[in-house]
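As structure tokens, the structure follows; a few thoughts come after it.
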Amino acid sequence: MTADAAMQLRRLLHIIPRLADGEAHPIEQVARMARTDVDTVLRDLYSLAQRFGDPGGFVPGLEITIEGARVTLRSGHFARPMRLTSAELCALELGLAMLARECAPEERGAIERARARLGAALAMLPPSERAGGGAGGRHAELGAEGDAALLAAIRGALRARRKVRLDYRSASAAEPATRTICPYGLVAARGAWYVVAHCEERDAIRIFRLDRIERAVPLAERFEIPPSFSLESVVRNGAVFSADEPGTLRVRYSANVARWIAEREGVPLDADGSLTVEHPLADLRWAVRHVLQYGPDAEVLEPESVRREVRSKLLELLEE
Amino acid sequence: MPARKPTTTERASAARAPSPSASSIAKLQRWIDLLAALLSRRFPAPLAELVRDVPAYRASPSDDALARMFERDKEELRAFGVPIETVQLDEETSGYLLRARDFYLPILTLPGVVKAASRARDRSGYRSLEHLTFEPDELEAVAHAGARVRALGDPLLTADADSALRKLAFDLPVDSARHESEERVLADGRGVDARAFALLGGALLRRKRVCFDYHAMSTDATTRREVEPYGLVFLGAHWYLVGRDVASGERRNFRVSRMRAIEENRARPRTPDFEPPAAFDLAEHARSRQAWELGDDDAREVIVEFRASTGAARAAAGLGEPVRGAPSRRRFRVRRPDTFARWLLSLAGDAVPVEPPEMVQRWRAIARATLAVYEPGDRAREGA
């Protein structure tokens, strides 16, 4: 009950200052601004207006007129938003703390200043009412950022739509390769950051794991992100993946490890407790590393080429 | 400011939303009335005076009922973030004060647009408010921070971040949408009920114990747990509750998506059940750890020889410590030898253990067992 009323109060203290100019505002526009729906806006406003059982009841200094699909509002006391609450400050502080870990040293100043500025906009509550434990008892780690200066350089190039020359050492390459990319986006997935980009050498979308980039040099040449591109197109089942014509890697996981895989993939176990999963396959060496991490608890069923490669690699290791 | 009768009309033909409960509406109306009553005064006012501006208080059946209702409203508004002060007017009477400058958002500006913003606000009678100037790079950081928090998938955090950004956007051009289109955090929200965050967040704030059914993956068993919550941590793609498991006395991480039937201890709701240890540091606790570093076994040193400079090998070497006089070797502290041996195997020969002998034997045993899976005849036997 209290939570419902508090949510309504929060929405009203956002809506009223926006509307309190005596002008008629389309309700749909108000709903978009409040990131809610028209019904909710109407319900909130009617909640203030419905006082039929109390002839003496009214909100001092607050006038609401709803005509057709427009609302007009005048208010003396609620024409400005309230200060930030502790919970709101904590939420933004959590985001700023995440950025502070990712950014280059020269960017940290802006983050610290932003934190201080937000602190100055906080409602001054008695100490007993303030949330404790840093960012409201919350903390977030997205994954290996690698060199923060590299991330900053790529983020800057992404914003400026400038191409970048990379030295990139893939998981199985002994030497870095030079690539020229148009960065289209950044994705944090399963504990690592990835740059999603158009690679000029491959003339295709490719994904570069950030902690394997050894050098990133922004170039003067600019690019446009095609309107048809969306980061969603490289997201598959909570991971990023890109290949021109991916094959299929079929792996059977034993009952010893299958429940972890089933939880990650969001699929039910087979009747015997094991699990067979088809993964998109772009790189044979990735497939070998992937199954070896499970030892005898993962078996490649297809393709035969990956089975042969796994066996060959194991024979090589044991003969040494 | 004098009170005015509203001219509310209802000629709307738009669909009407389902009405909230009568008591919820009544509470909202009392809160708004009380806020208006406090904001219209510059000096502390006793309850007897505030009653005149809050119709629901006037309708209260007794002084005791009125006092209880007012106390509850005042505490709930404080919990909402409204800084209502209590001032002793005389030996028996308390007064209540809500200073405009403590309640209203300061007037926010960007450099160079101070005058335009302040003119608009002066007309509305908010002259006492301070001005707060954000530099463009600070505002950019705030918008980016908001987008990052939204991506984590906790509905409470998202609501708080959105609410904060909307307040700032009253005066400033805050745009977090661009960050959301260019950067994506893939949070695995499968199996997480939004109410779980509400329950755990509330218990965390009030320092109350929580009980829940928890499916432990290591044992594949579900048991009822009682936990003192210390914090919520987002690691990689998942949210975890960090807390002390009451039965074992140990500090544990519980993945939120594996919890069911979460309940907060309802006994003495206004009294905290525990205090987190003074030295507890959530960020330090959440520091990324590899699977072989976890657990209660003693840590053992393992020396690994790195034989290739592939991207995977270099990243793996970065997790260990240097060995004096052996630049191709790294030292690891391992609590789970089997997990470590499998991780080394995934490097496909780019790195091999060299010390101690037990680890070398364990690694070779796992490699042999894995090879056996691929021996001719094995598949036929399994019918694969």
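Regarding the range B:134-150, can at least one residue be identified that is at the interface with another protein chain (Cβ under 8 Å from one of its Cβ atoms), part of a loop (DSSP other than H, G, I, E, B) and out of contact with any Gly (no Cβ under 9 Å at 6 or more places or on another chain)?
Yes - at least one qualifying residue is present in the range B:134-150.
Which residues, taken from the range B:139-162, are surrounded by fewer than 22 Cβ atoms within 10 Å (Cβ to Cβ) and without any contact (Cβ under 8 Å) to a residue 24 or more places away in the chain?
If the condition is that a residue be surrounded by fewer than 22 Cβ atoms within 10 Å (Cβ to Cβ) and without any contact (Cβ under 8 Å) to a residue 24 or more places away in the chain, then B:Glu140, B:Thr158, B:Ala159, B:Asp162 are the ones that fit.
What's the total number of residues in the range A:243-283 that are aromatic (Phe, Trp, Tyr) and without any contact (Cβ under 8 Å) to a residue 40 or more places away in the chain?
Initial filter on the range A:243-283 (aromatic (Phe, Trp, Tyr)): A:253, A:260.
Cutting the leftovers down to without any contact (Cβ under 8 Å) to a residue 40 or more places away in the chain gives us A:260.
Count: 1.
Identify the residue in the range A:263-320 that is among the small types (Gly, Ala, Ser), surrounded by fewer than 16 Cβ atoms within 10 Å (Cβ to Cβ) and more than 7 Å from chain B (Cβ to nearest Cβ) and, among all such residues, is nearest to B:Ser346 (Cα to Cα). Give the steps one after another, and end with the answer.
Initially, the range A:263-320 is screened for residues among the small types (Gly, Ala, Ser), giving A:266, A:271, A:273-274, A:282, A:287, A:295, A:298, A:305, A:312.
Still in the list and also surrounded by fewer than 16 Cβ atoms within 10 Å (Cβ to Cβ): A:266, A:271, A:273, A:305, A:312.
Retained after the next criterion (residues that are more than 7 Å from chain B (Cβ to nearest Cβ)): A:271, A:273, A:305, A:312.
On the way: A:Ala271: 28, A:Gly273: 24, A:Ser305: 18, A:Ser312: 14 Å.
Filtering the range A:263-320 for residues that are among the small types (Gly, Ala, Ser), surrounded by fewer than 16 Cβ atoms within 10 Å (Cβ to Cβ) and more than 7 Å from chain B (Cβ to nearest Cβ), the one nearest to B:Ser346 (Cα to Cα) comes out as A:Ser312.
Looking only at the range B:20-49, which residues are of a type outside the set (S, T, N, Q) and part of a loop (DSSP other than H, G, I, E, B)? Let's see the steps before the verdict.
First pass over the range B:20-49, keeping only residues of a type outside the set (S, T, N, Q): B:20, B:22, B:25-28, B:30-39, B:41-49.
Residues satisfying the conditions are B:Pro20, B:Arg41, B:Arg42, B:Phe43, B:Pro44.
For the range B:112-122, state whether one or more residues are at pLDDT below 85 and buried (at least 22 other Cβ atoms within 10 Å of the Cβ).
Quick first cut of the range B:112-122, residues at pLDDT below 85 only: B:112-122.
The next check asks that each one be buried (at least 22 other Cβ atoms within 10 Å of the Cβ); those that pass are none.
No, the range B:112-122 has no match at all.
So, in the range B:177-191, how many residues would count as being surrounded by fewer than 20 Cβ atoms within 10 Å (Cβ to Cβ) and assigned to a loop (DSSP other than H, G, I, E, B)?
So the answer is 3.
Just to confirm my filter: which strands (runs of 3 or more DSSP E) fall fully inside the range A:203-309 and include at least 3 residues that are touching a helix residue (DSSP H, G or I) at 6+ places or on another chain (Cβ under 7 Å)?
Details: elements: A:204-209, A:213-222, A:247-253, A:275-281, A:298-302.
Result: A:213-222, A:247-253, A:275-281, A:298-302.
Just to verify a result, which residue in the range B:192-226, among those that are more than 17 Å from A:Gly137 (Cβ to Cβ) and within 8 Å of chain A (Cβ to nearest Cβ), is surrounded by the fewest Cβ atoms within 10 Å (Cβ to Cβ)?
B:Asp220
Identify, by number, the condition in (1) crowded, with 22+ Cβ neighbours inside 10 Å; (2) more than 28 Å from A:Arg308 (Cα to Cα); (3) away from chain A (no Cβ under 14 Å) that B:Arg335 doesn't meet.
Unmet condition: (1).
Those residues that are without any contact (Cβ under 8 Å) to a residue 12 or more places away in the chain, part of a loop (DSSP other than H, G, I, E, B) and either out of contact with any strand residue (DSSP E or B) (no Cβ under 8 Å at 6 or more places or on another chain) or β-branched (Val, Ile, Thr) (or both), I need them from the range B:271-297; list them, please. So that I can check it myself, show each step before the final result.
Going residue by residue through the range B:271-297, those that are without any contact (Cβ under 8 Å) to a residue 12 or more places away in the chain are B:271, B:277-279, B:281, B:283-284, B:287, B:289.
Pick out the ones that are also part of a loop (DSSP other than H, G, I, E, B) and you get B:271, B:277-279, B:281, B:287, B:289.
Result: B:Thr271, B:Pro277, B:Ala278, B:Ala279, B:Asp281, B:Arg289.
Being under 23 Å from the mean Cα position of the chain (by Cα) and either more than 7 Å from chain B (Cβ to nearest Cβ) or not charged (D, E, K, R) (or both) is the requirement here; does A:Leu73 meet it? Walk me through how you get there before you give the answer.
On the way: under 23 Å from the mean Cα position of the chain (by Cα): no; either more than 7 Å from chain B (Cβ to nearest Cβ) or not charged (D, E, K, R) (or both): yes.
In short, no.
I need a count of the residues in the range B:142-176 that are more than 17 Å from the chain's Cα centre (by Cα), under 16 Å from A:Cys90 (Cβ atoms) and among the small types (Gly, Ala, Ser).
Here the count works out to 0.
Select, from B:Gly320, B:Gly325, B:Gly311, the only residue that is in contact with a Phe, Trp or Tyr (Cβ under 9 Å, 6 or more places away or on another chain), of a type in the set (Gly, Ala, Ser) and more than 14 Å from chain A (Cβ to nearest Cβ). Please lay out each step first, then the result.
Numbers: B:Gly325 fails: in contact with a Phe, Trp or Tyr (Cβ under 9 Å, 6 or more places away or on another chain); B:Gly311 fails: more than 14 Å from chain A (Cβ to nearest Cβ).
Of B:Gly320, B:Gly325, B:Gly311, the one residue that is in contact with a Phe, Trp or Tyr (Cβ under 9 Å, 6 or more places away or on another chain), of a type in the set (Gly, Ala, Ser) and more than 14 Å from chain A (Cβ to nearest Cβ) is B:Gly320.
Can you name the number of the only condition in (1) surrounded by fewer than 21 Cβ atoms within 10 Å (Cβ to Cβ); (2) assigned to a loop (DSSP other than H, G, I, E, B) that B:Asp171 fails?
Only one criterion in (1) surrounded by fewer than 21 Cβ atoms within 10 Å (Cβ to Cβ); (2) assigned to a loop (DSSP other than H, G, I, E, B) is unmet by B:Asp171, namely (1).
The values are calculated or read from the model by the stated rules, or taken from the named source; none is laboratory data. The structure presented is a predicted model; accordingly, all values stated were derived computationally and were not measured. Note that each Cβ is placed from the backbone with ideal geometry, even for glycine, and that neighbours are counted across all protein chains shown.
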